[in-house]
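*Asks:* A single structure is presented below for examination.
The values are calculated or read from the model by the stated rules, or taken from the named source; none is laboratory data. As the structure is a computational prediction, the values presented were derived from the model and not from experiment. Because the Cβ atoms are built from the backbone with ideal geometry, glycine has one as well, and the counts that use them run over all protein chains shown. Keep in mind that these areas ignore ligands, DNA and RNA; they rest on the heavy atoms of the full protein, side chains included. Shrake-Rupley method; radii C 1.70, N 1.55, O 1.52, S 1.80 Å.
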Amino acid sequence: SGFAVQNSTGNDTIFGLTVNSANSLAISGGSLTVTGTTNLSGQLNVAGGTAMLSGPVQGASGGIQVQSGGLTLNGTASIGTFNLVSGTVDLTSTTSTGSYYQSGGALGGSGTLVLNGNNNIWSGGSWGGAGLTTIGYGSSFVLASPGTPVQLNGRSIDVASGGSFAVK
């Protein structure tokens, strides 16, 4: 089951957001701002428009997918799965994820992205901004770009002791 925010031009601001397991919230137009805590054990899908999560995001078992439009994470975030297909993601704080996949779009901002686990793949799109991407202890990251160029424009990559980085 799922819910959708489909304002083509409207702006909605709410204090908190909870998306429970087996549920999803799709944002396909307008803008949604969450000023307080976002709890994700389900799926948040940005398929157009913009979403700004200003407070902490607690979602170690949930996921975020950005298909188009934009997502800004201003608070500290812990996300189970993070998929960037197209559109933009702006990090201003620390975001950690157990599984990251980027096939397009742009990751930017001054925040830190911490990649944990062994299912982290970048196959298209760009990374920019003054931020840092850290491959956590015991985690792996694969740069797999068969025929599709990827662009690293200012963001730094740090491989923690025990982490691995591979280019395929």
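*Asks:* Tell me which residues come under 5 Å, amide H to amide H, from M52 once H is placed; ignore anything under 5 positions away on its chain.
*Replies:* Amide H to amide H, under 5 Å and 5 or more residues apart or across chains, M52 pairs with L32, T33, V34, T72.
*Asks:* Which length gain, in nm to one decimal place, applies between D158 and N23 when the Cα-Cα distance is subtracted from 0.36 nm times their residue separation? Walk me through the numbers on the way to the answer.
*Replies:* Values: separation 135, 0.36 × 135 = 48.60 nm, distance 3.43 nm.
Extra length from D158 to N23 when fully extended: 45.2 nm.
*Asks:* What's the FRET efficiency of A166 with T76 using the Cβ-Cβ distance as r and R₀ = 41 Å, to the nearest 0.05? It would help to have the intermediate numbers written out before the result.
*Replies:* Details: r = 28 Å, r/R0 = 0.69.
That gives a FRET efficiency of 0.90.
*Asks:* Whole number please: convex hull volume per residue, Cα atoms of segment 96-159, in Å³. Walk me through the numbers on the way to the answer.
*Replies:* Working: hull volume 4.3 nm³, N = 64.
Measuring per residue, one finds 67 Å³ for the Cα hull of segment 96-159.
*Asks:* Using the heavy atoms of the protein chains and a 1.4 angstrom probe, tell me the accessible area per residue for the chain in square angstrom.
*Replies:* Details: 7070 Å² over 168 residues.
Ligands and nucleic acids excluded, the result is 42 Å² per residue.
*Asks:* List the relative contact order of the chain as a percent without decimals, with contacts defined as Cα pairs under 8 Å and 6+ residues apart.
*Replies:* Relative contact order here is 12 percent.
*Asks:* Between L132 and T13, what length in nm is gained on full extension when 0.36 nm per residue of separation is reduced by their alpha carbon distance? Walk me through the intermediate numbers first.
*Replies:* Details: separation 119, 0.36 × 119 = 42.84 nm, distance 2.91 nm.
Once the chain is fully extended between L132 and T13, it gains 39.9 nm.
*Asks:* Then there's this: Report in % the part of the accessible area of the chain that belongs to carbon and sulfur, leaving out ligands and nucleic acids; probe 1.4 Å. Write down the numbers at each step before the final one.
*Replies:* Details: 3690 of 7070 Å².
C and S fraction of accessible area: 52 percent.
*Asks:* Out of every Cα pair in the chain, what percent are spaced more than 23 Å from each other?
*Replies:* Working: 4669 of 14028 pairs.
Roughly 33 percent, once rounded to a whole number.
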